[in-house]
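Where a number appears in this text, it was derived from the coordinates with a stated rule and is not lab data. Being a predicted model, the structure only gives us computed values, none of them experimental. As a convention, Cβ positions derive from the backbone with ideal geometry for all residues, glycine included, and neighbour counts pool all protein chains shown.
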Amino acid sequence: MILAREGASVTGLDASDAMLDIAKQRAVTDGLDVRFLRGDAHALEFADRSFDITVSLRVLMHTPDWRRSVAELCRVADRLVIVDYPSAHSVALIQSLGRRAAYAVRRMIRRSAAAAGGREPAEPYRVFSDRSIAEAFELNGFNIRSIHKSFVLPIALHKAIGRTGFTGWSEGLLERVGLLGLVGSPVSIVAERATRATGAPAEAPGPPARVFQRDGVAAERGSRGPREPGVGGSAGAAAPRT
Ligand SMILES: C[S@@+](CC[C@H](N)C(=O)[O-])C[C@H]1O[C@@H](n2cnc3c(N)ncnc32)[C@H](O)[C@@H]1O
């Protein structure tokens, strides 16, 4: 939505009709012209390099074959891919293990918590090492251009406290003592294609792109001139190349 608001031509894709309906409603409310499609992040139905930028937020952590999803995001992106992920070197590891354990127990007793009258356990998710992400992108001809880490303390704790003042103060303190760089999460990265369509080396990169993170939505503002359409959405959204 951020990219569409900035004038990019955006396609949003998700596997869930319910999620697409929510996104469509938001686009209508905000008066934005966004194309929405149902699809699978493992097999995007777009031609190679058909978008300038692909963006996948809070999706890799759920897709069964995340390396395949990265390969698809890279295949359809001409220039940049933006993804985020919970870090294996953060408190997200503990939460992820807890959710997986809850799911395993549920499978063992072969009844859902909902059927037993309890709350449905939250969906489990995967955590990632920075190295495994960098390797997956390198395999697909992309280099990591910038990394942004968001929080040291669990997001759930910040939400429970509900005080932006506390979040700013505590996270600022933890950043100053160096913990954000070490154990911050979620991590947002911008990856850049290492070679151009001709096979020639990529243009010299401009200054590192900044990634702005707000409520789980990231947008990248490039540093190489005016042609900056983008991609946004669950598994990806993009600006068709002109
Ligand atoms: C935590 S939600 C994030 C939604 C949205 N990207 C956002 O940031 O608000 C995870 C989303 O991933 C989608 N998803 C999971 N596996 C997928 C797949 N294989 N292909 C496409 N979407 C998938 C789910 O349908 C769900 O909407």
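From the list SER96, SER90, SER69, SER56, which one is surrounded by 13 or more Cβ atoms within 10 Å (Cβ to Cβ) and either more than 16 Å from the ligand (Cβ to nearest atom) or β-branched (Val, Ile, Thr) (or both)? It would help to see each step written out before you state the result.
Working: SER96 fails: either more than 16 Å from the ligand (Cβ to nearest atom) or β-branched (Val, Ile, Thr) (or both); SER69 fails: either more than 16 Å from the ligand (Cβ to nearest atom) or β-branched (Val, Ile, Thr) (or both); SER56 fails: either more than 16 Å from the ligand (Cβ to nearest atom) or β-branched (Val, Ile, Thr) (or both).
On inspection, the qualifying residue turns out to be SER90.
Taking into account only those residues within segment 25-53 that are within 13 Å of the ligand (Cβ to nearest atom) and charged (D, E, K, R), which is surrounded by the fewest Cβ atoms within 10 Å (Cβ to Cβ)? Out of the qualifying residues, it is GLU45. Among the residues making up segment 72-86, those that are more than 12 Å from the chain's Cα centre (by Cα), part of a strand (DSSP E or B) and surrounded by 21 or more Cβ atoms within 10 Å (Cβ to Cβ) are ALA77, ARG79, LEU80. Taking every residue in segment 176-192 that is within 12 Å of SER150 (Cβ to Cβ) and pairing it with any residue that is in a loop (DSSP other than H, G, I, E, B) and among the hydroxyl-bearing types (Ser, Thr, Tyr), at least 6 positions away or on another chain, the pairs with Cβ-Cβ distances below 8 Å are VAL183/SER90; GLY184/SER90; SER185/SER90.
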